[in-house]
Amino acid sequence: MINDYRLYHFTNFTNFTNLIFMCGIVGYIGKRQAYPILIKGLQRLEYRGYDSAGIALINDGKLNVYKAKGKVADLVQFANQKDINGHIGIAHTRWATHGEPNQVNAHPHYSQSEELAIIHNGIIENYAVLKAGLIEEGYTFQSETDTEVLIQLIEFIKKSNNIGLPTAVQLALNQVIGAYAICVIEKSFPDIIVAARKGSPLVVGIGEDEFFLASDATPIVEFTDKVVYVGDEEIVTLQRGKELKIKTISNVEKTPEIMKLEMTLSQLEKGGYDHFMLKEIFEQPKTLSDSMRGRVNVDEDNIKLSGFIDNKEKFMNTKRIIITGCGTSWHAGLIGKYAFEEFAHIPVEVEYSSEFRYRNPVINKDDLVISISQSGETADTLAAVELAKAHGAFIFGICNVVGASIPRLTDSGCYTHAGPEIGVASTKAFTAQVTVLVMLALLVGKEKGNITEEFYLKCVRELGRIPEKIKSILNKSDEIAQFAKTFTYAQNFIYLGRGYNFPVALEGALKLKEISYIHAEGYPAAEMKHGPIALISQEMPVVVIAPNVGMYDKVVSNIQEIKARKGKIISIVTEGDVVVKNLSDYSISIPETEECLVPLLAAIPLQLMAYHIAVVKGCDVDQPRNLAKSVTVE
Ligand code: G6P
């Protein structure tokens, strides 16, 4: 039984209510050249933002800082021909929140004397007050950033007290209000990196006589599997030839808790695919098997989910479930609602985290809040969890990234085990989230006696068959690529579905918007006549998810309505379907399955269609404009 979730629970999380932070940070100290490690690390973290990038290296008594607007590739070009030597360095990739994404605002930032350099992911809320004080002390500033204020403050404290860098960082952080993951290096001490965290994630990798630092474990995995997740308000000192040292900002020493990384390097590479997104779409038979491994036991006809077993009473006694999430995770939550209400007869509300956190929602002590997040770092979802926690609700997390902030903050939960998702548009994480939600709903339904043993068994067996069924859909990728070409002209798309497939329509539309920049709207099929029908013309492609389950006949009527207005119909049908197929311009068939599991199959051709349209349009599939994978900004 898989229950590694509890291992990652930490307490005393910060208050996230007003945080604005993004970006990826990476650091290295050891015997190797730092530059290639840091650049590769930045490329792995580019999903966190790609507006500007920078690097600081100490070599030969010099602290060199190179920065460039744009992607990491632009930084590499900029640093070409410069001194990129050094066995210690820090680097940063930015997603601009405040201040233009230009070279001056890019990190690292020097201190006034250029003795120190800092990278920072977070926001210093009281930077204006601190800055005013520093200006009085004669400090001047190059950028508009709060980060520069922090490094000047560290330098001021260090010089005025004549103390070492770790203590100066500690004293400075005691004056700071806000969130941070920072790394600081000092020109005259090339043997030490000081880093700290509050709110923003930070992981230390421990190698042989070397240390790595990063916003998540992806830059570290190829060098070591020993990691320490830095806790809130902790300062770490990485010193050549010494053990890792951790202290809190209130000066309490801590013993590092070393964990073993489960991630592998091959999971972070494209493995022969043109894009991560395509790789991740094709990984789904495996990732869903991984999500179910040790949980769905087809031989024993049973589901064992320790997240449920450990919290059975909570699930059985709750009067209401509130699901929170953003983007794709919110869509998965909607599918969860259909399943929980159908099987467990528990009322479910699905909330956008960003709305929920700000509107004084009614949260009761006996509510069960399910927080869904691929990254486990989404700022709004974290804040929603904080809020629900403050109201005394029990919080259950469904998360993909092991050790991320959400699993640390929630009371219990389940990992989705989909492996690292790099493509900005979520694919395999979505199907894994849906799988976990359906498993949970079936368990509660069975325990409550709301579903028959026979139905439960049918679903368990069917869950076991899903990976093979997905494989058969993936075989149609070339066929989908062919007809996708026909639709690159379109300015708009409508996606329609009913019941469990309404959220799938939303998700299909989101995929297309995200990566091909074509406007797309998902709608419940029957709602179409209350508005979107006015948009239908022969120019308008309408994607209809019409499997032979649920309200099939009603969906057929909806298709007739579109046909009558000359809309172009692309349908997702069950194998063997004739009626809808004959009404459609293009049709993709998926294998038959239980209604609650159809989203797992129907999502696949929609992911492939969005992918192929974006490729034909020449879009940057893995890093679409303006988006970031982990939205740690509210
Ligand atoms: C971003 C990503 C989406 C994702 C959403 C929520 O917008 O681009 O793919 O669905 O954040 O992220 P989470 O990590 O909380 O699931």
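Points worth noting:
- Degrees, to the nearest 10: 127-136 long Cα axis against longest axis of the chain: 20 degrees
- Checked against a 21 Å cut-off, the cross-linked pairs K513/K581; K31/K226; K226/K389; K62/K254; K554/K581; K187/K226 give Cα-Cα distances beyond that limit for K513/K581; K226/K389; K62/K254; K187/K226.
- By a 1.4 Å probe calculation restricted to protein chains, T488 has an accessible surface near 40 Å², given to the nearest 10.
- For K617, solvent-accessible area (1.4 Å; no DNA, RNA or ligand), Å²: 80 Å²
- Helical mean residue ellipticity (222 nm; -39500 (n - 2.57) per DSSP H run of 4+; nearest 500) of the chain: -10500 deg cm²/dmol
- Principal axis box of the range 83-188, alpha-carbon based, largest edge first, Å: 32, 32, 23
- Expressed as a fraction of 2.2 N^0.38 Å, the value expected for a compact globular protein of N residues, the C-alpha radius of gyration of the range 203-298 is 1.41.
- Within the chain, antiparallel bridges make up roughly 60 percent of the DSSP beta bridges whose residues both belong there.
- Point-charge dipole on Cβ atoms (K/R +1, D/E -1) for the chain, about Cα centre, debye to 20: 460 debye
- Solvent-accessible area, 1.4 Å probe, carbon plus sulfur percent, for the chain: 49 percent
- Sequence-distant aspartates and glutamates (8 or more away, or on other chains) whose Cα lies within less than 16 Å of K428: E269, E280, E283, D290, E468, E507, E514, D622
- The alpha carbons of the range 379-465 occupy a box of 41, 35, 18 Å along the principal axes, longest dimension given first.
- Each 10 Å bin from 0 upward holds the following percent of the Cα-Cα pairs of the chain: 3, 16, 25, 24, 17, 9, 4, 1, 0.
- Solvent exposure of the chain amounts to 37 Å² per residue of accessible area, where only protein heavy atoms count and the probe is 1.4 Å.
- Accessible area in the full protein assembly, largest first, 1.4 Å probe, for T318, T452: T452, T318
- Net charge contributed by nearby residues that have their C-beta within less than 15 Å of F78 (K/R +1, D/E -1): +2
- Taking label positions 7 Å along the Cα-Cβ direction at both Y352 and K471, the computed distance is 4.0 nm, reported to one decimal.
- Whether the range 164-228 is rounded, prolate or oblate, judged on the alpha carbon gyration tensor where a/c under 1.5 counts as rounded: oblate
- Using a cut-off of 30 Å between Cα atoms, the listed pairs K314/K458; K131/K629; K242/K279; K286/K312 include K131/K629; K242/K279 as exceeding that distance.
- Each Lys or Arg adds one and each Asp or Glu subtracts one; over the other residues with Cβ under 9 Å from the Cβ of K247, this totals 0.
- Shape of the range 484-600 from the C-alpha gyration tensor: rounded (a/c under 1.5, with a ≥ b ≥ c the square roots of its eigenvalues).
- Relative packing of peptides 172-178, 406-412, 161-167 - highest average C-beta neighbours within 10 Å first: 406-412, 172-178, 161-167
- Computed over neighbours whose Cβ is under 12 Å from that of A339, the net charge equals -3, Lys and Arg +1, Asp and Glu -1.
- M528 exposes around 0 Å² of accessible area when a 1.4 Å probe is run over every protein chain in place.
- Amide H within-cut-off set for C23, under 5 Å, with H built and near neighbours excluded: W95
The values are calculated or read from the model by the stated rules, or taken from the named source; none is laboratory data. Values in this document were obtained by computation on a predicted structure and should not be read as measured data. Using ideal geometry, Cβ is built from the backbone for each residue, glycine included, and neighbour counts are taken over all protein chains shown. Each accessible area value is taken on the protein alone, full model and side chains, heavy atoms only, with ligands, DNA and RNA left out. Shrake-Rupley method; radii C 1.70, N 1.55, O 1.52, S 1.80 Å.
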